[in-house]
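Scroll down for the structure; my scribbles are underneath it.
The values are calculated or read from the model by the stated rules, or taken from the named source; none is laboratory data. Model, not experiment: these values are computed from the prediction. Heads up, the Cβs are rebuilt from the backbone with ideal geometry, glycines too, and the neighbour counts pull from every protein chain shown.
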């Protein structure tokens, strides 16, 4: 038994080591610039020019806006699917799940055509609008609102609470983990977007940091590695601070 | 929510905002100022473009010809690019480039151009009298062999230094232009504008103020983070955060007041202290060599040092005040908490 425990611990250690290697590589090699060893690459990214940080702030603002709007949309849509009764609800929910499974590349062209018709191509709205209505958030919120007892909602309605009030005053506070999980997943989704800006934006100057990082040839690899550290900061914060809510939210989504 | 995690990341966020302000200013200061000669070809198959050899820049590796072009993505903005293929005519006074597109040739720059670095085209210059200090590595040319333009007159000369007075000096000062003025000046390795050297030292107290404001803001933010971690009153956290944000605004305005002369800045890292030490040691030694120990530059340096010390002392007092305020605030908070714990009779 003891030996089995040793082997499983050893295996876990090796697997953890394998996962950590890329991050350790980024951190260590960021100190080895082509111009010499030290903080040269950090100076380049954080002090020499402001474009890296300006792109960081722009991407942060865009991702935050997308995440907040998606949470609001998902909460109302989720409430509708979880508690409202209307014809074709099951069919619509099935379609929603199908859309959730579809790869992103399938929706790129239809979205491009729609955005073109709306005259929104090459604007920041082209990135924000499609990302605000991703079905995953609605799915998570539906699952999490299904756990709210109908009696509480009925009691709230009797007290004069409208649909919006029921969502924000009753359902949302009872399902914080679902909300936080939707917020995190939508933020991470928009923070890591690469294909959408490349398709919807013509002007490379408008690219968020994730795309600039992915498409710029490495003049100095250490500078790109420092950019990687910069890009990793918001997800790292979100995970460090909300890991419990994230795990709970995903678990709710997976419950039958 | 984990308070320690929030404290650490809020500190990182504060530093990132401060660093964004700093980098905006550093980028502005470190942008190479260039004079350009715009050329377009006249035939469809291209044409030979000729330009004066004074447009060529020399370094340890040889002659270089540069242009400015708009970069893309993470290299956006007007950037310096090297033109790899050019030839010199038989007299070595004209550089020829086979033009297949339009070029914005760099004809002069505030420092040695570096490919990939940001550039700003300067088209209008202020003019005024100035003193230019030429340093010759292999000795100054003899008096009878000197060739200087009419706008320049010699004020002093030693074996390795030539001090000239210029009636039509340009601001910002472009060393490349000063070096290519004549056959005499082209032999010099370095040239300095003494007016810009004085301006540089006049900016030092401003830099000390910027540093002081930044450290004060950081101290406020740190105190706020510590108070947040220790469950202190929300008032203390908010007041510290507000004070730190106010220092960010002050930092922005203090940074706007700084304008360092581009000709004296290092090529890559603005914090390269060794570069400044080397440049100013050379200037001061040259002036002493010329017997100009009473030059106004020395007075400016002395005044800047005194002012920097005063600013340092002031901000040290401010920081001590903040820490004292924190201690008093903590004692007051704790005493109030203790009072609230005593049951009323």
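Yes or no: residue A:96 touching a helix residue (DSSP H, G or I) at 6+ places or on another chain (Cβ under 6 Å) and not in a helix (DSSP H, G or I)? So residue A:96 does not fit the description; no.
Residues in the stretch A:1-36 that are under 26 Å from residue B:76 (Cα atoms) and out of contact with any helix residue (DSSP H, G or I) (no Cβ under 8 Å at 6 or more places or on another chain): 2 in all. Take residue A:226 and decide whether it is closer than 25 Å to residue A:21 by Cβ and crowded, with 22+ Cβ neighbours inside 10 Å. So residue A:226 fits the description; yes. Applying the criterion of being more than 9 Å from chain B (Cβ to nearest Cβ) and surrounded by fewer than 19 Cβ atoms within 10 Å (Cβ to Cβ) to the residues of the stretch A:196-211, the residue that is nearest to residue A:43 (Cα to Cα) is A:206. Only a single criterion out of (1) facing chain B (nearest Cβ under 10 Å); (2) buried (at least 21 other Cβ atoms within 10 Å of the Cβ); (3) at pLDDT 90 or above is not satisfied by residue A:63, namely (1). Every condition in (1) closer than 21 Å to residue A:92 by Cβ; (2) assigned to a helix (DSSP H, G or I); (3) touching a residue at least 12 places away in the same chain (Cβ under 8 Å) is met by residue A:147 except one, and the failing one is (2). Only one entry in A:52, A:42 is surrounded by 15 or more Cβ atoms within 10 Å (Cβ to Cβ) and more than 25 Å from the chain's Cα centre (by Cα), namely A:42. Take the stretch A:131-144 and flag every residue that is buried (at least 20 other Cβ atoms within 10 Å of the Cβ) and in a loop (DSSP other than H, G, I, E, B). The answer is A:134, and nothing else.
Restricting A:60, A:53, A:68, A:47 to those that are in a helix (DSSP H, G or I) and over 19 Å from residue A:231 (Cα atoms) reduces the list to A:68.
Within the stretch A:32-54, the set of residues being touching a strand residue (DSSP E or B) at 6+ places or on another chain (Cβ under 6 Å) and more than 10 Å from chain B (Cβ to nearest Cβ) comprises just one member, A:41. Checking each residue in the stretch B:2-23 for being under 21 Å from residue B:216 (Cβ atoms), at the interface with another protein chain (Cβ under 8 Å from one of its Cβ atoms) and surrounded by fewer than 16 Cβ atoms within 10 Å (Cβ to Cβ) picks out only B:12. Note on the stretch B:62-72: residues that are in a strand (DSSP E or B) and within 13 Å of chain A (Cβ to nearest Cβ) amount to 2. Look at (1) modelled with pLDDT of 80 or more; (2) within 14 Å of chain A (Cβ to nearest Cβ) and you find that residue B:75 fails only one, number (1). Only a single item in (1) within 14 Å of another protein chain (Cβ to nearest Cβ); (2) closer than 30 Å to residue A:114 by Cα; (3) not in a helix (DSSP H, G or I) is not met by residue A:193, and it is number (1).
Considering the stretch B:132-185, the residues that are free of Cβ contacts under 8 Å to residues at least 12 places away in the same chain and surrounded by fewer than 13 Cβ atoms within 10 Å (Cβ to Cβ) include one that is nearest to residue B:53 (Cα to Cα), namely B:150.
For the stretch B:253-270, filtering for residues that are exposed (fewer than 15 other Cβ atoms within 10 Å of the Cβ) and not in a loop (DSSP other than H, G, I, E, B) leaves 2. Could you check, for the stretch A:163-174, whether at least one of its residues is surrounded by 15 or more Cβ atoms within 10 Å (Cβ to Cβ), within 14 Å of chain B (Cβ to nearest Cβ) and farther than 29 Å from residue A:109 by Cβ? No, because not a single residue in the stretch A:163-174 is surrounded by 15 or more Cβ atoms within 10 Å (Cβ to Cβ), within 14 Å of chain B (Cβ to nearest Cβ) and farther than 29 Å from residue A:109 by Cβ.
Inclusion of residue A:126 among residues that are modelled with pLDDT of 90 or more and within 17 Å of residue A:195 (Cα to Cα) is warranted. Hey, does the stretch A:212-221 have a residue that's at pLDDT 80 or above, at the interface with another protein chain (Cβ under 10 Å from one of its Cβ atoms), farther than 18 Å from residue A:197 by Cβ and in a helix (DSSP H, G or I)? Looking for residues that are at pLDDT 80 or above, at the interface with another protein chain (Cβ under 10 Å from one of its Cβ atoms), farther than 18 Å from residue A:197 by Cβ and in a helix (DSSP H, G or I), one finds none in the stretch A:212-221, hence no.
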